[in-house]
1. Within the bounds of the range 229-236, is there any residue that is part of a loop (DSSP other than H, G, I, E, B), buried (at least 18 other Cβ atoms within 10 Å of the Cβ) and assigned by TED's automatic domain parsing to the domain that holds THR168?
2. Which residues, counting only those in the range 237-277, are of a type in the set (Val, Ile, Thr) and assigned to a helix (DSSP H, G or I)?
3. Could you count how many residues in the range 367-377 are part of a helix (DSSP H, G or I), in contact with a helix residue (DSSP H, G or I) (Cβ under 9 Å, 6 or more places away or on another chain) and among the charged types (D, E, K, R)?
4. Would you confirm whether any residue within the range 292-307 is among the hydrophobic types (A, V, I, L, M, F, W, C), without any contact (Cβ under 8 Å) to a residue 60 or more places away in the chain and either surrounded by fewer than 17 Cβ atoms within 10 Å (Cβ to Cβ) or in contact with a Gly (Cβ under 7 Å, 6 or more places away or on another chain) (or both)?
5. Looking for something among the small types (Gly, Ala, Ser), modelled with pLDDT of 95 or more, more than 29 Å from PRO127 (Cβ to Cβ) and crowded, with 22+ Cβ neighbours inside 10 Å - is there at least one such residue anywhere in the range 342-353?
6. Considering each residue of the range 115-132, count those that are acidic (Asp, Glu) and either surrounded by 21 or more Cβ atoms within 10 Å (Cβ to Cβ) or in the same structural domain as PHE351 (by TED's automatic domain parsing) (or both), and give that number.
7. Could you count how many residues in the range 357-388 are modelled with pLDDT under 95 and among the charged types (D, E, K, R)?
8. Restricting to the range 1-59, give me the number of residues that are part of a loop (DSSP other than H, G, I, E, B) and either polar (S, T, N, Q) or modelled with pLDDT under 90 (or both).
Amino acid sequence: MAKIAERVAGFGTTIFTEINQLAMQHNALNLGQGKPDFDSPTDIIGSAVKALQSGTHNQYAPGPGVGDLRQAVADHSKRFYNLDIDPAAGVVVTAGATEAIFSSILGLVDRGDEVIVIEPYFDSYVPNIIMAGAKPVFVPLHPPLWTFDPVELRKAFNSKTRAIILNTPQNPTGRVFTREELTLIASLCQEFDVTVISDEVYEHIVYDAACHVPIASLPGMFERTVTISSLGKSFSVTGWKIGWIYGAPDLVRGAAQAHQFVTFAVNHPAQHAAAYALNLPDSYFADFRAMYTQKRDLLLTALVGGGLKPTKPEGTYFIMADFSSVFDGDDIEFARYLTAEIGVACIPPTFFYSNDHAHMASTQARFAFCKSDDMLKEVAGRLATLVR
């Protein structure tokens with residue numbers, strides 16, 4: 001009798017699918033998925049249109065990515081982080097950051113290896129590790145400040161550890177790891193000869209005094225790190241699915257050898273628009289952070305007004321909030337109640353934990369504020385009914 005493969009049999013449907021369907025059913029304001037409800041700047045869209053109409057960019061792109069985008073990625077890392085990247089051998093363009101992570105795991109991790117995952121984690125990490133035949137080892141961030149325990153972190157490293165997946169600024173908690181935290185992670189990676197797969201898609205969404213420090217920029221870490229980012233978060237074009245991997249050529253080659261048999265090449269005209277976007281002046285990124293700072297503050301006010309206890313994020317466009325003062329039940333029950341009865345959709349974060357640690361987030365909910373100001377103000381009105 002025909003059956004599906006064991007490697008995917010236990011995955012099920014993502015929580016995003018359930019919440020999105022429930023939000024549509026109840027006409028809820030959807031703060032679940034991190035999908036902006038506003039468009040990218042018109043000049044970036046215009047650059048894509050120009051590429052589409054050029055007559056030369058509508059067939060397969062080169063497998064590693066078009067030259068001007070790989071150069072733009074290298075220039076961007078030099079401009080913001082003073083990293084010297086070889087655009088020819090040290091950059092690969094992927095179908096979004098999700099594919100970049102999968103290709104990096106496939107190209108750098110062997111069957112039977114262990115990969116450290118910091119919880120809560122983006123939901124593709126663990127299935128990717130399992131499909132590669134490796135074993136995830138979990139280190140939790142502890143609420144409400146979402147910091148890791150150095151003793152628990154060290155305990156996760158051993159002779160079988162091949163890689164650690166790092167995400168900063170961190171989805172879903174909004175943490176931006178400090179230089180001191182990253183230095184500790186770096187020292188352990190050097191001690192145990194571990195590769196870092198660093199997911200930095202929210203690199204330009206940081207607030208107040210927080211500063212994004214790529215772990216590849218720390219002493220001794222460039223040669224053992226692949227860094228991943230994407231166009232979607234920094235330029236509000238999540239539907240384009242343009243991402244990239246950069247780093248030391250020897251490591252990038254491993255990811256590239258997997259990438260060629262995952263997607264081979266990605267959206268050709270969008271790659272040229274991506275190169276244009278990455279070369280925008282510093283004022284774009286400053287205005288972008290200012291826009292999201294305002295949206296963050298709108299949602300923080302709305303959550304407090306609804307009786308929740310949010311943790312002020314240092315980065316990303318997500319807020320984690322404790323709902324235990326307004327609802328008796330776990331995060332899944334709360335997400336369904338809030339969506340169906342209050343008309344605001346959120347994501348229950350226990351899905352981003354291993355079974356052993358899920359209880360840490362059982363009274364938390366994740367809210368996305370990559371939405372219009374008008375929607376966020378309407379959210380405030382609906383959440384106010386929680387305390388009434």
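The values are calculated or read from the model by the stated rules, or taken from the named source; none is laboratory data. Since this is a predicted model, take the numbers as computed values, not measurements. Cβ: placed from backbone, ideal geometry, glycine included. Neighbour counts: every protein chain shown.
1. yes
2. Passing the criteria: THR238, VAL252.
3. Narrowing the range 367-377 to residues part of a helix (DSSP H, G or I): 373-377.
Within this subset, residues satisfying the condition of being in contact with a helix residue (DSSP H, G or I) (Cβ under 9 Å, 6 or more places away or on another chain) are 373, 376-377.
Next, from what is left, pick out any that are among the charged types (D, E, K, R): 373, 377.
The qualifying residues number 2.
4. Of all residues in the range 292-307, those among the hydrophobic types (A, V, I, L, M, F, W, C) come to 298-300, 302-304.
Keeping just the survivors that are without any contact (Cβ under 8 Å) to a residue 60 or more places away in the chain gives 300, 304.
Going one step further and asking which of them are either surrounded by fewer than 17 Cβ atoms within 10 Å (Cβ to Cβ) or in contact with a Gly (Cβ under 7 Å, 6 or more places away or on another chain) (or both), we end up with 304.
Yes - at least one qualifying residue is present in the range 292-307.
5. Keep residues of the range 342-353 that are among the small types (Gly, Ala, Ser), which gives 343, 345.
Adding the requirement that they be modelled with pLDDT of 95 or more leaves 343, 345.
Okay, now just the ones that are also more than 29 Å from PRO127 (Cβ to Cβ), so 343.
Right, trim to crowded, with 22+ Cβ neighbours inside 10 Å and you get none.
So far as the range 342-353 goes, no, none of its residues is among the small types (Gly, Ala, Ser), modelled with pLDDT of 95 or more, more than 29 Å from PRO127 (Cβ to Cβ) and crowded, with 22+ Cβ neighbours inside 10 Å.
6. Kept after step one, since they are acidic (Asp, Glu), are these residues of the range 115-132: 119, 123.
Among the residues that remain, those that are also either surrounded by 21 or more Cβ atoms within 10 Å (Cβ to Cβ) or in the same structural domain as PHE351 (by TED's automatic domain parsing) (or both) are: 119.
Total meeting the criteria: 1.
7. Residues that pass the stated criteria total 1.
8. 15
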